[in-house]
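Student: Dumping the structure here so I can ask a few things about it.
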Amino acid sequence: QALDAATLLLLMDLALLDPPDGPLRPVGRARADYEELGPILDGAPRPMHRVEERSIDGACRARLYWPSSASRLPCCVYYHGGGFVLGSPRSHDGRGRTRAERTGAVFVSVDYRLAPEHKLPAAHDDALAAYAWVRDHAAELGIDSDRIVLSGASAGGNLTRATAISARDAGMALPRGLVPIYPATDMTRSFPSHRELGQRYFLTADMIDWFTERFLSSPDQKRDP
């Protein structure tokens, strides 16, 4: 198998920029680096009809992007990646703008609580609260409540699926669809890819250990959906 050439060049650039302590740097430093990396990868920000920061019932915050002034727009509730430790709507701002523009949907980027300050289940509680808030305020936000999808990358992909399960179990109206992007779905990491691709490809086995140690309170939680 051959690695995509552009991806290979990006990995080489990231390796040159990596500090001596690598992925196992202090949380504050890792967050600051991640916040800087997002805009570099996203490129020039796309203009939006409207962008607002909102509080989600005191639980967390979200950044909302409206691509147009139309009413009853579809909506994507999005959960960023970062191993439940890193990331924010700011680090994913360009992706929010691009997806809102290309889909014509209101894009809700959820600023859920991060570990180690807030361990499991804080992120999952915030993810479900954000979905419920969007449904409850759909008319006010110009959203069609029948056309809400959940999406997220990596840790956010985990939140995408877990939120759908929690909504179902709570008897809530379900989202129209799910768009998980390389979701974390097996915290036991028992598949061969974790051994075969555990080094050299940005997200290393050591980095996943670093995230997991900060997010979980006990090994038993690795099997909690």
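Student: Rounded to the nearest 20 debye, what is the charge dipole size of segment 1-84 about its Cα centre when +1 sits on each Lys and Arg Cβ and -1 on each Asp and Glu Cβ? Please list the in-between numbers first.
Tutor: On the way: 9 positive and 11 negative charges, 97 e Å.
That gives a dipole near 460 debye.
Student: Contour minus end-to-end for Tyr182 and Ile40, with contour as 0.36 nm per residue of separation and end-to-end as the Cα-Cα distance?
Tutor: Between Tyr182 and Ile40, full extension yields 49.0 nm more.
Student: Could you compute the net charge surrounding Lys119? Neighbours are other residues with a C-beta less than 14 Å from the C-beta of Lys119; K and R count +1, D and E count -1.
Tutor: -3
Student: Summing +1 for each Lys or Arg and -1 for each Asp or Glu, what net charge is found among the other residues whose Cβ lies under 15 Å from the Cβ of Ile56?
Tutor: -3
Student: Which semi-axes, in whole Å and largest first, does the equivalent ellipsoid of segment 165-225 have when worked out from the alpha carbon gyration tensor as the square roots of 5 times its eigenvalues?
Tutor: Value: 27, 16, 10 Å, ordered largest first.
Student: Treating only the Cβ atoms of Lys and Arg (+1) and Asp and Glu (-1) as charged, compute the dipole magnitude of the chain about its Cα centre; round to the nearest 20 debye. Could you put the intermediate results ahead of the total?
Tutor: On the way: 27 positive and 29 negative charges, 91 e Å.
Roughly 440 debye for the chain.
Student: Quick one: if you stick a label point 7 Å off each Cα along the C-beta vector at Leu14 and Asp57, how many nm between them?
Tutor: Computed distance between label sites Leu14 and Asp57 equals 3.5 nm.
Student: Would you be so kind as to identify which of Ala139, Leu150, Gly43 lies farthest towards the positive end of the dipole of the chain, taking Lys and Arg as +1 and Asp and Glu as -1 on Cβ and the Cα centre as origin?
Tutor: The listed residue farthest towards the positive side: Ala139.
Student: Averaged per residue, what accessible area in Å² does the chain show with a 1.4 Å probe, protein chains only? Don't skip to the answer; put the middle values down first.
Tutor: Numbers: 11980 Å² over 225 residues.
Using a 1.4 Å probe on heavy atoms only, each residue of the chain averages 53 Å².
Student: Quick one: pull the percent of accessible area on the chain belonging to carbon and sulfur, 1.4 Å probe, ligands and nucleic acids left out.
Tutor: Accessible surface attributable to carbon and sulfur in the chain totals 54 percent.
Student: Turning to a different aspect of this structure: Would you mind getting me the FRET efficiency between Asp209 and Glu117? Use the beta-carbon distance for r and R0 = 22 Å, nearest 0.05.
Tutor: 0.70
Student: Divide the volume of the convex hull of the Cα atoms of the chain by its number of residues and quote the answer in cubic angstrom per residue.
Tutor: 132 Å³
Student: If the elastic network links every pair of Cα atoms under 10 Å, which of Asp93, Asp42, Asp169 fluctuates the most in the Gaussian network model of the chain?
Tutor: Per the Cα network of the chain with a 10 Å cutoff, Asp169 tops the list.
Student: Give me the number: length gained by fully extending His137 to Arg29, i.e. 0.36 nm times residue separation minus the C-alpha to C-alpha distance, one decimal in nm. Spell out each step's value before the answer.
Tutor: Numbers: separation 108, 0.36 × 108 = 38.88 nm, distance 3.62 nm.
Answer, rounded to one decimal: 35.3 nm.
Student: To the nearest 20 debye, what is the magnitude of the charge dipole of segment 105-225 about its Cα centre, counting +1 on the Cβ of each Lys and Arg and -1 on the Cβ of each Asp and Glu?
Tutor: On the way: 13 positive and 16 negative charges, 68 e Å.
In debye, rounded to 20, segment 105-225 gives about 320.
Student: Further question: In nm, to one decimal, how far is the modelled label at Ser190 from the one at Gln1, with both set 7 Å along Cα→Cβ?
Tutor: 2.1 nm
Student: Give me the compactness ratio for segment 50-141, meaning the Cα radius of gyration over 2.2 N^0.38 Å.
Tutor: 1.05
Student: Let me know the Rg and Dmax you get for segment 110-219 when you use only its Cα atoms, in Å.
Tutor: 15.7, 49
Student: In square nanometres, what is one fourth of the surface area of the convex hull spanned by the alpha carbons of segment 125-181?
Tutor: On the way: hull surface 14.3 nm².
For segment 125-181, averaging the hull's shadow over all directions gives 3.6 nm².
Student: Farthest toward the dipole's positive end in the chain, which of His124, Ser69, Ala170, given Cβ charges of +1 (Lys, Arg) and -1 (Asp, Glu) about the Cα centre?
Tutor: Result: Ser69, furthest along the dipole toward the positive end.
The values are calculated or read from the model by the stated rules, or taken from the named source; none is laboratory data. Worth saying up front: this structure is predicted, and the values here are computed from it rather than measured. Using ideal geometry, Cβ is built from the backbone for each residue, glycine included, and neighbour counts are taken over all protein chains shown. Ligands, DNA and RNA are excluded from the accessible area calculation, which covers all protein heavy atoms including side chains. Shrake-Rupley method; radii C 1.70, N 1.55, O 1.52, S 1.80 Å.
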